[in-house]
Every structure is written in C-alpha cells, then in structure tokens.
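Encoded as structure tokens, here's the structure I'll be asking about.
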Amino acid sequence: MSVESAPLAITDGVDRLFCSRSSARYGPHKRQDEGSVIAPGVLYRYRVLNEADRPLALQLFAGLGRLGGPLWEQEVRVLLRVSAATHPALPRVVDGGYDEAADVAFVVTETTTYTLDSPGALAFLHERRAECVRRSLSSSVRQMGREFSERPPRCRLAC
C-alpha cells in the first residue's frame, strides 16, 4: 500500500511555519518526511523532530476559514487539558493552534518510531495476537487499579 505524499505547496508551508529557523512561528522542528495525505485537500501528517530530537507527529488541517479556525482554537485547549491527564491510550499533545494568515490548524503530538500505519505493523501484530491481548488486558487492569486507588468508589449503605 503506497501512501500519497502531501502536495508541495503544503510542505512548503510546513517548512515556513514549523521548520525554518528564520520564519518558524511554531517550532522549529526538523521535518523527517514529505508528509502524507490523510484526507485529500484537508488533512496531512508529517513526522518531525523537536530540538531535543524527540519524534513528533504534526497533523495539519487546511482551509478551516474564519469559523473553523476559532473553533479549532477551542478544541486544542480541550486536547491540551485531556493530554495533561496522561492516559496511556492517548498521545501527549505538545502544541496546537490555528494560523490565520496561512488558514491552517495544527496539532503536534508525541509519537514513536513505529505506529499502526507503519509498513508491516498490522501483520506484525496479527502474528502475535495472544501477546497483544495479554498486554492490552494487563495495561487496562493497571489503569483501572490506578484510577481506583486515586478515587475510591463511594458506597452507601441502605438501611
């Protein structure tokens, strides 16, 4: 399965807004790929590194306009608050916002070297089904244990 690269105009905008030492308003980051099209004309994903060489995912939403941009700003605030809860199933949101001049919204999250959309990832997991289920269950039980210890359930005795 081949992944379509992001259009050159979008990549140039990413370089200008996120990667260039002289013009990056957000970053600077080091772009690691040519970007991929998630939803043609709307959503693009780039792999970038921050200044400490941590792998990040930059997702860019194009053409939100005067209404969508401010709504995205509100959404990013929610994502940042949810991210602060450090739930193991959610990526940590590093940055996000809306650039009115470029009419693009973005979110930058921590990522890993390999994700579910990496080539061969699903085949790798398919070959290890039992291990995947075991790890998923143990992770869920650990998380439930943490949540229970932080907030014991309220019990009411009925007379």
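The values are calculated or read from the model by the stated rules, or taken from the named source; none is laboratory data. These figures come from a predicted structure and were not determined experimentally. A quick note on method: Cβ atoms are made from the backbone with ideal geometry, for glycine too, and the neighbour counts reach across all protein chains shown.
Among the residues of the stretch 1-47, what is the count of those that are more than 18 Å from D99 (Cβ to Cβ), among the charged types (D, E, K, R) and under 18 Å from the mean Cα position of the chain (by Cα)?
Number of matching residues: 4.
Would a scan of the stretch 111-120 turn up a residue that is surrounded by 14 or more Cβ atoms within 10 Å (Cβ to Cβ) and at pLDDT 85 or above?
Taking the stretch 111-120 as the starting set, the residues that turn out to be surrounded by 14 or more Cβ atoms within 10 Å (Cβ to Cβ) are 111.
From what's left, at pLDDT 85 or above: 111.
Scanning the stretch 111-120 turns up at least one residue that is surrounded by 14 or more Cβ atoms within 10 Å (Cβ to Cβ) and at pLDDT 85 or above.
Between a first residue in the stretch 9-38 that is in contact (Cβ under 8 Å) with a residue 40 or more places away in the chain and a second residue that is surrounded by 19 or more Cβ atoms within 10 Å (Cβ to Cβ) and of a type in the set (G, A, S), which pairs have beta carbons less than 6 Å apart while being 6 or more apart in sequence or on different chains?
Cβ pairs passing all conditions: F18/G27.
Something else: Which pairs have Cβ atoms under 9 Å, sit 6 or more apart or on different chains, and link a residue in the stretch 116-136 that is outside the structural domain of I38 (by TED's automatic domain parsing) to one that is exposed (fewer than 11 other Cβ atoms within 10 Å of the Cβ) and modelled with pLDDT of 75 or more?
Once the first residue is outside the structural domain of I38 (by TED's automatic domain parsing) and sits in the stretch 116-136, its partners that are exposed (fewer than 11 other Cβ atoms within 10 Å of the Cβ) and modelled with pLDDT of 75 or more give L125/E131; C132/H126.
Which members of the stretch 1-26 meet the condition of being aromatic (F, W, Y) and outside any loop (DSSP other than H, G, I, E, B)?
Of everything in the stretch 1-26, just one residue is aromatic (F, W, Y) and outside any loop (DSSP other than H, G, I, E, B), namely F18.
Taking into account only those residues within the stretch 83-96 that are more than 12 Å from T111 (Cα to Cα) and modelled with pLDDT of 85 or more, which is surrounded by the fewest Cβ atoms within 10 Å (Cβ to Cβ)?
Taking the candidates together, the pick is D95.
Return the residue satisfying two criteria in turn: it lies in the stretch 2-19 and is of a type in the set (A, V, I, L, M) and surrounded by fewer than 16 Cβ atoms within 10 Å (Cβ to Cβ), and of such residues it is modelled with the lowest pLDDT.
V3
If only one of E73, E100 is touching a Phe, Trp or Tyr at 6+ places or on another chain (Cβ under 7 Å) and among the acidic types (D, E), which one is it?
On the way: E100 fails: touching a Phe, Trp or Tyr at 6+ places or on another chain (Cβ under 7 Å).
Only one candidate qualifies: E73.
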